[in-house]
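To start, the structure under review is shown below, and the notes come after it.
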Amino acid sequence: MEAEAHHSTHIPQWKKDEIKNIVDNVHSHRITGIVDVRGVPASSLQVMRQQLRGIVTLHMTRNTLSNIAFNSLPEDEKARILAEHIDGQIVMVYSNENPFRLYKLLEATKSKVPAKGGDIAPEDIVVEKGPTSFKPGPIVGELQQVGISAGIEGGKVVIKQTKKVVKKGEKISAKLAEMLGRLDVKPIEVGLNLKAVVEGDTLYMPADLAVDEVALKGMFAQAAGHAFNLCMEAGIATKDTIEPLIQKATMESKALAVNAPIFEKEVMDIILSKAEVEMLAVAKQVAGKEDALDEELKSKVQ
Amino acid sequence: MEYVYAALLLHKAGKPVDEAGVSSVLKAAGVEVNEARVKALVAALEGVNIEEAIAKAAFAAAPAAAAAPA
Amino acid sequence: MEYVYAALLLHKAGKPVDEAGVSSVLKAAGVEVNEARVKALVAALEGVNIEEAIAKAAFAAAPAAAAAPA
Amino acid sequence: MEYVYAALLLHKAGKPVDEAGVSSVLKAAGVEVNEARVKALVAALEGVNIEEAIAKAAFAAAPAAAAAPA
Amino acid sequence: MEYVYAALLLHKAGKPVDEAGVSSVLKAAGVEVNEARVKALVAALEGVNIEEAIAKAAFAAAPAAAAAPA
Amino acid sequence: MEYVYAALLLHKAGKPVDEAGVSSVLKAAGVEVNEARVKALVAALEGVNIEEAIAKAAFAAAPAAAAAPA
Amino acid sequence: MEYVYAALLLHKAGKPVDEAGVSSVLKAAGVEVNEARVKALVAALEGVNIEEAIAKAAFAAAPAAAAAPA
């Protein structure tokens, strides 16, 4: 503490105010997070900030000040750990939403843009084979130069082979970036990238916060399906299940009557047509054999 | 399912599907009747058009017949 | 199903599908005939248009046969 | 179908599907029992694996349902 | 078609599908029997797995029927 | 269905699906508990292998489910 | 799945599916509650239409009703 006190004596007032501002925000909000805004144009950032206004506060400040602010927090405050995530182009976020909602809100700001020379591939970049909109020209050679096998078919440039042009984590060259741009491949995701968020005593990392809604929907469907199956199997009659139960019983009854068979008026037409289908199936098996079938039957199965 | 079959049987026989009816059909089958289940069944059937429910199943069960004529 | 085939055979042969006919066809096939089932069959077929019922099957079978995977 | 319902009721309740059982269930439901039909029913079910028979859709039922939503 | 009905009747009854069987079933149905056709059919059915053919047909028929109304 | 969900919740949590359990889960959800329905549910589930029952698709479900467009 | 069942129970009972509700239902079922999972579920449900999700399941499970074109 003494060292910090000593340190702070060298800090100008506006910096002290800013540090206090950060600490106050951490204390007055339910959650505090660090967001990576690398690659987001300033103008877009302003738009996002407006869109999130009232729900999420985006606070742009100097990394050094954020660092000092977090380190000035009491030892037992979890938010101190956020100092470890201060790196690169970041902004602070404060909100009273829960971390999952914050994550969703921030994810929604993301969009895909073309790569620039020097960008790191966030995932394997693959160029699919198939037609392009280019007319024959020097583009073919340019594509070849960056390792994309191209040719001309029917007066159009086509990609001849699906090819992984950059592996995840590798740098994208300026030339390749240009070609990818012309092929309308947008490999770079730009937006508010939540790096870490603290709520109370819990640190959440993006992996903790990514909830697969499709999978969740699937789980709900599965759970509902299980409940339904259980009702059908155990004969549990509720308002929701009584009609399906009646239908199940009806279908079981018909199935039994047809398959036994039990001669009941309601199913005689099914039984008769089942017999006929069987007969036709057998007849079909011998249709090619001379004289095995009469003319009428032949005409039916051929 | 025996409770459901009892209900269908009564319905088909043109009898009211009530607690007394369901219970006595089940008893005749040698089933030890659970009153709560009978009540739940009868309650669930309230307002349900059994004939319609059956007809829906009939469609699914007999597509050959139903679908063919067109 | 042997009872049903007996009925269809009689029908196709232009004979009445009655108890005597069904029984004698079944007997000729060496089947031990259950009189009650014969009666039930004949009764269930009363008023049923056999021609129509099997025509539906033909309809269903034709494309099926075509589509049937080897 | 009440005879079939009675048979399935007995089956689902784990009781033997015999003439006495079917008759008493039908009577409890107020159905005037036709002995020949009961006999025909029980004869038809002889040697039939009911569980399998009801699982096997009534001719075509299952795949039809599958194809329907198109 | 009578001939194939007769063959299936025998098959379903668990009897051998032979000339004598087919002929006697047909006769019992009042059909004037064409010996050559009986021979041809019986010969043609040799080597045919009737059970399989039937099972396949039932399955294949369904979607065809179901798809029809569209 | 909330009663069934309560039962499944208990089952998944490895707890016995009994009247006390179902009632307390329902109460925690703010549901006004109907004792008869709880009894009916627990009785219906007696002897039922829940794990097997939930996995078994109901009647025509299997192929339909397969075909059901997502 | 316990968390999903708890949410379904609340939903079906017409109660809000919120953190307090899910937690208390789970606790009543004897489940040791993980607050982060509860939060995740509740947050995720904001973008999920439960009714729609389970309607699909019901459709898949009961094609007879759902598929019948009426």
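All of the numbers you see were taken from the coordinates with simple rules; none came from a lab. Only a predicted model underlies this, so the values are computations on that prediction, with no experimental measurement involved. Every residue, glycine among them, receives a Cβ derived from its backbone with ideal geometry; neighbour counts consider all protein chains shown.
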Using a basic spin-label model with each label point 7 Å from the Cα along Cα→Cβ, how many nm lie between residue A:75 and residue A:152? 7.6 nm
Take every residue in peptide E:21-34, count the Cβ atoms of other chains within 10 Å of its Cβ, and give the average of those counts. 5
Quick one: give the max-minus-min coordinate of the C-alpha atoms of the stretch A:124-277 along each principal axis, largest first, in Å. 79, 62, 20
PRE reach from residue E:49 (point 7 Å along Cα→Cβ): which of the stretch A:270-302 fall under 15 Å by backbone N? A:282, A:285
First measure r as the distance between the Cβ atoms of residue G:36 and residue A:296, then evaluate 1/(1 + (r/R0)^6) with R0 = 56 Å and state the FRET efficiency to the nearest 0.05. 0.15
So, in nm, how far is label residue G:20 from label residue A:30 when the simple model puts each one 7 Å beyond its Cα toward the Cβ? 1.3 nm
Could I get the Rg over Rh figure for the protein assembly as shown? Both from C-alpha atoms, Rh via Kirkwood, rounded to two places. 1.14
Residues of A:19-25, mean number of Cβ from any other protein chain within 10 Å of their own Cβ, rounded to a whole number? 0
Taking N as its residue count, the alpha carbon Rg of the stretch A:215-301 over 2.2 N^0.38 Å: 1.77
So for R0 = 56 Å, FRET eff. of residue A:145-residue A:53 from the Cβ-Cβ r, to 0.05, ends up at 0.75
